Structures are given as C-alpha cells and as structure tokens.
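Written below as structure tokens is the structure these notes are about.
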Amino acid sequence: MKNRFVSGIPRRRMATAVAVAAASLAAGQAMAFQIPTAEGSDVEIRWDNTVKYNVGVRTKGRDASIYNTWLHNGSDGKFDKGDLVTNRVDLLSELDFVVKKNYGFRLSGAAWYDAAYNDKFEGNPALSALPSPYAGNRYTDTVKRYYTKSGELLDAFVFGRVDIGDVPVNVKFGRHTIYWGESLFSPIHGVSYSQGPVDFRKALATPGSEAKELFLPLSQLSAQAQINDTVSVAAQYYLEWAPYRLPEGGTYLSSADPFFAGGTNVFGTPYLGDRSGNNPGNRGSWGVNTKLTPEWLQATVGLYYRHFDDKVPTILANPAGYMYNAYAQDVRLWGVSVSKQISGIAFGAELVRRDNGALNTLGGSSQIARGSTWHGLVNALAYVGKTAVFDSATLMAELSYSRLAHVDEGSKALFSGDKYGACSGVKSGCSTDSAYGISATFTPTWFQALPSVDITMPIHYDIGLKGNSPVPFGGNENSGTWSIGVGAEYMAKYKFDLAYTNYFGNYLRAADGTVSAFNGNAAISDRSWLSFTFKTTF
C-alpha cells in the first residue's frame, strides 16, 4: 500500500484555515476583558473567554466507489447525507499578566464537547467480513479524546524585555508559538514549515477556530532583538517536539481509515502510529533569522536558517510485522523572504531550500525517502474600498511552487515518484518533479447592513494547477476545495457564520468499481457539508 493512498487530506482547506488563523493572531487581544487593578498600578491583567458553537450537516450522499473501498469505508460511512457531522461546543480561556508592559506571563487552555460523535467506528456493513481498522469497532483513546470531549493546556510562558546597551531584547520561555515568513495560505512551502505543529483536526472540524487554538505551542526559548532601525534578529531553541494533528481514520474528513495516531491495523497488520517509540527527541531543533528593512529598498527582507526534526509523518513498515509513523530528523532549511507594498497592495514572497527532508515515500518501505527540494510562493493582500456592490472587501491570493532538486542516494527505490519505477500516474497520486497551485479568498463586507450588524460573504477557491508535489501534503494536480459563506457580526461581539464547503480531486477505479488509487482530496470528494457557527468573547 503506497503512502500516496493516505495523502488525500484536504490540504488546501487546511491552508485556508491557517491563513485565517494568522489573520486572527495579528488581530491581537481586542476582545480581552481587563481585570481592574489598583489605581496607578503597573500591572495589567486580562482574562478572555471565547465560547463557540458549531453544527454541521452532510449535504452529499455517499459515492459508491469510495464507500465500497475498505481503505475509505469507515470515514465515508460514519455519517450519511443529512446527518450532523459535528455538534460541538468549544471554550478557549486566556489569561495575560503584564507588568510595566514588558514582563509577565500568559496561560491559555481549551475544552470541547461534540455530541455528534460517539466512540464507534461505523463502516460499510457489506465489508464487515474484512478486518476492522479499530479493534472491536471502537475508536482509540486518542480519537475519542479529540473528537468527543476533553481539554488541554495551550500557552504557558513567561516573557520579559532586557536592554543590552541600546538594543532591546524580548525573550520568551515556556510553551508558545512562533511562525516566520510571509505565507498567507501554505503551511508546507514556506520558511515556517514544521516550525510548530498545527491542529488540522480542529481546523477542519470547527470552522472559525482562531489561531491561538490552531497553532499548537511547544516548549521553547525564543528571543528577538532590534539591533537598529533597519536590522532585527531572532532565534529559537526547542525543548519539546510534537507532530501535526491530522484527521483520524473513521472520522468525517479523513481519507484513510487506519491512520494516523495509531492503535489500529491495516488488513490485520498492526499500525502503531506515534506509539512506536521512534519519534524524535524533544531537543535539538533550532532556528535563526534576520530581518532587514533598508530605506533604499522600501521593503523588508528576511533571511532564515532552521535545523529541525519534521512534524509531518511518513508511514513505514517494520520487518517485525507492524507499521508506524516516522519523522525525518535533522532537516536543514535555508530561506529568504521579501515583503513590500506597491500601490496599496501588500506583496510577499518566499524562496526556500530544504535538504535531508522527507519525500513522498512508497508504502511498505522501511525507510523514509530523503532528498532536497525547492519551495516558493508569491502572494498579495489587497483592500478594496467602497463600490456600488459592497462597502469594502479584502482579496488574498497566493501562488505556491515546489520542485525536486535531487533524491538522496539509497532513496530512489523508496521515492513515490511518477516514472520512478514503482509509481506511475499523476491521477494515482505519484509525485512529479515540480508542482504548483493557487489559493484565493475574496471577502466583501457590508457595514451596518442591519442595525449594529456587519455582513461578510467569504468566498474561497484553491486548486493544484499542475503536478503532484514531491513532499508530503504539498498539493496535488486538479485537487482542491471551494467554499462560500455569509457572516454576521452583531455589536462587534457576537459572530454568526454559515458556510458551504466542497472538496474535489481525481481517483481511479478498479474493475470492481472500488477506488484503486486517488489524488489529493478525491477520497473526500463526496463529503461536502454546510456548517453554522456562533462565537462570542467575554
């Protein structure tokens, strides 16, 4: 079984969630509740609680080819057309304690409950004679935790500013999140790749999630120094490692039933996932960057170097007779970014080189295919003023690109590349030497469309234009998503959003009509859904 069969996560939809999350992160703490302190005190205490309710309905019936395929039947069979695919309440609580605006600590945590999910794996009854990926058709503890009810600590760090001569240095220590670069949509092709784990489970299951919920913090030491008006430097050193959270098998937006956390099986072969004991250690990943803003250029240039252990899994087979998640260690990344405003439009670009990184690897391999790749992206963010149709609008668009530089010696037989021998066909998900795709979101706004109510209508479309990326989750030809929604914000405090999302991609049928191979989002192409979200902060 080839890893291309398990790479059909709606990755562009994920990228959209990351872009929205980044915008939320930049928005800051406008809704935070400030706790009164003594008059004249240098202490500021903010406590912010966000409650979100989300309900979603499946709008498309099951595709017989997908539903009758063992690899996909549970994820497709969990809910039918008209069923609630999520009925979830989330709470995000944040506490900030700041002294003299320069020192303090931050704590945040999340809790959730989804009434649409039980602990049962519910596949196609016609395939009941085949082994279930889940023992006793019961979800593992990991799936039950993240899809039914639980909670977790997010941020937990202290921060402070020290002046070294005339140079201010800001330092953070503890669980926090840092992302570098100019990417709007892509979590894969920029300098921030694998800089921290991203909770794609929650991004897909809970539209409207904020960055503080999606970007998972890790324990680390980070520092940023403003050398002068045109030069700044930053660095980070990790004290913790954790993988990306990907949609689990047998849940609504998963494309492959046995994967990813583990505790399942693949046609009777134990799949340990992250339980194998082969995960990278907590320490050893680090990075540095320099930002330059020369007056003559009227732009900001970033230079980056990172040495890290990957957080995106490759599924390997152990000769002892089980499968597990492996992660490329000691990956090296060099990058450069440029951001500049031209005629009121914010442009960004990145060029990245990754060495010793993971390539798409053939299923059944006992080692990760390793090699070097180039990655690039160009994006634009434009604000449109009042027109006869809307009061204002934002347009975000990004073109991403990846290219195989070379496959390391010893990895050519492992690489799931088109025409590399064991893999053939773009529609089968085989990697090509290069790939590029585009993502765009247009959001018109009508202020005070009703008394105290602002209305928005976000429209998103993304597609892999040509080729399948040589790296995991890097994008696939003719695969993508589109969505359209309408949102209302009452008194700048209560948000209501209605959204329709659809996925598309290519798959190949075997003689019996089942799916023999697929590309990108094809395995979830029958899982369009309509969601409603209410969110408020107090």
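If you model segment 254-349 as an ellipsoid using its alpha carbon gyration tensor, with each semi-axis the square root of five times an eigenvalue, the axes come out at 42, 17, 8 Å, biggest first. In order along segment 242-248, the Karplus-derived 3J(HN,Hα) couplings, from 6.51 cos²θ - 1.76 cosθ + 1.60 at θ = phi - 60°, round to 8, x, 4, 9, 10, x, 7 Hz, and Gly and Pro are given as x.
Amide H contacts of GLY284 (H built 1.01 Å from N, in plane; Pro and chain starts excluded): TYR238 sit under 5 Å, all sequence-distant by 5 or more or on other chains.
Over the C-alpha atoms of segment 392-525, the Rg to Rh ratio, Rh being the Kirkwood estimate, stands at 1.16. Among the trypsin sites (Lys or Arg not before Pro) found in segment 475-538, those both in a DSSP coil and sparsely packed, with 13 or fewer other Cβ atoms within 10 Å of their Cβ, are LYS493.
For MET457, the residues 5 or more places off, or on other chains, whose built amide H falls under 5 Å of its own are GLY487. For the chain, the fraction of 1.4 Å probe accessible surface lying on carbon and sulfur atoms is 59 percent.
Kirkwood Rh over Cα pairs of segment 93-200 into Stokes-Einstein at 20 °C, 1.002 mPa s: D in µm²/s? This corresponds to a translational diffusion coefficient of 117 µm²/s.
Mind pulling the angle between the C-alpha long axis of helix 11-27 and the longest principal axis of the chain? Nearest 10 degrees, somewhere in 0 to 90. For helix 11-27, the angle is close to 10 degrees.
Here the contact order of the chain, divided by its residue count and restricted to Cα pairs under 8 Å and six or more residues apart, works out to 16 percent.
On a per residue basis, the convex hull of the C-alpha atoms belonging to segment 378-444 measures out at 100 Å³. Could you state how much accessible area PHE532 has, in square angstrom rounded to the nearest 10, with a 1.4 Å probe and all protein chains kept in place? Approximately 70 Å² of PHE532 is accessible to the 1.4 Å probe. Across segment 484-496, coupling constants 3J(HN,Hα) worked out from phi with the 6.51/-1.76/1.60 Karplus curve, θ = phi - 60°, read 9, x, 9, x, 10, 10, 9, 6, 6, 9, 10, 10, 10 Hz, and Gly and Pro carry x. Compactness of segment 42-537 was expressed as the Cα radius of gyration divided by 2.2 N^0.38 Å, which yields 1.00. Residues in segment 269-308 average 53 Å² of solvent-accessible surface per residue, probe 1.4 Å, ligands and nucleic acids excluded. The modelled label-to-label distance for the pair LEU84/ARG145, using points 7 Å beyond Cα in the direction of Cβ, is 2.5 nm. In this structure segment 441-538 gives 41 Å² per residue of accessible area when probed at 1.4 Å with all protein chains present. Any idea which of PRO243, GLY437, LEU508 is furthest toward the positive side of the dipole for the chain, if Lys and Arg beta-carbons carry +1 and Asp and Glu beta-carbons -1? So the residue we want is LEU508. Using Cβ point charges alone (K and R +1, D and E -1), the dipole size of the chain about the Cα centre works out to roughly 780 debye.
The values are calculated or read from the model by the stated rules, or taken from the named source; none is laboratory data. Only a predicted model underlies this, so the values are computations on that prediction, with no experimental measurement involved. Reconstructed Cβ throughout: ideal geometry from the backbone, glycine too, with neighbour counts over all protein chains shown. Ligands, DNA and RNA are excluded from the accessible area calculation, which covers all protein heavy atoms including side chains. Shrake-Rupley method; radii C 1.70, N 1.55, O 1.52, S 1.80 Å.
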